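A short reminder: the numbers here are calculations on the coordinates, not readings from a lab. In this text the structure is predicted, and so the values were computed from the model without any measurement. Glycine also receives a Cβ, built like all others from the backbone with ideal geometry; neighbour counts cover every protein chain displayed.
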Amino acid sequence: MSRGRGSSGQALPFGLAIAGLAAVLTVAVGSLAGDVVDAARARTAADAAALAGVTAGRDGSSRLAAANGATIVAWSRAGPEVTVTVRVGGARATARASNGP
């Protein structure tokens, strides 16, 4: 049996298309995973910075944020409550803490 003239050499372009699609998907999944990790790190850093801010003020919040790879974007104290917003990569998170009930 002989192959039809039109089907010769179609495997290579198809294989290249599949390889290209796999590469694009790998990059997209890697980028999404990085965003998820940044968001989790931002939440952790915000929690730690808010708790530190209750007893050690803004300096304590800054130290804990930096130790968790974050930068403080906003910090405020209203009575016993401290609110901190931090940034890690492209992710932001806000946390509140107080020493009251």
Listed residue (Ser31, Thr71, Thr55) projecting farthest to the positive dipole end of the chain, Cβ model: Ser31
Gaussian network model of the chain, Cα within-10 Å springs - most flexible of Thr55, Thr71, Thr26: Thr26
Point-charge dipole on Cβ atoms (K/R +1, D/E -1) for the chain, about Cα centre, debye to 20: 240 debye
Translational diffusion of segment 2-101, µm² s⁻¹ [Kirkwood Rh, Cα pairs; Stokes-Einstein; 4 °C; 1.567 mPa s]: 80 µm²/s
Most mobile of Ala49, Ala22, Ala40 in a GNM of the chain (Cα contacts under 10 Å): Ala22
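Taking the number of other C-beta atoms within 10 Å as the exposure measure, put Ser98, Ser62 in order starting with the fewest.
Final ranking by Cβ density, sparse to dense: Ser98, Ser62.
Report the local net charge at Ile72: Lys and Arg +1, Asp and Glu -1, summed over other residues whose C-beta lies under 12 Å from its C-beta.
Values: positive: Arg58, Arg63, Arg87, Arg92; negative: Asp59.
So the environment of Ile72 carries a net charge of +3.
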Around Asn99: net Lys/Arg minus Asp/Glu count, Cβ-Cβ under 14 Å: +1
Positive dipole terminus of the chain, leading residue within Gly20, Val84, Ser98 (C-beta point charges): Gly20
Inter-centroid distance (Cα atoms) of segment 12-67 relative to segment 80-101, Å: 17 Å
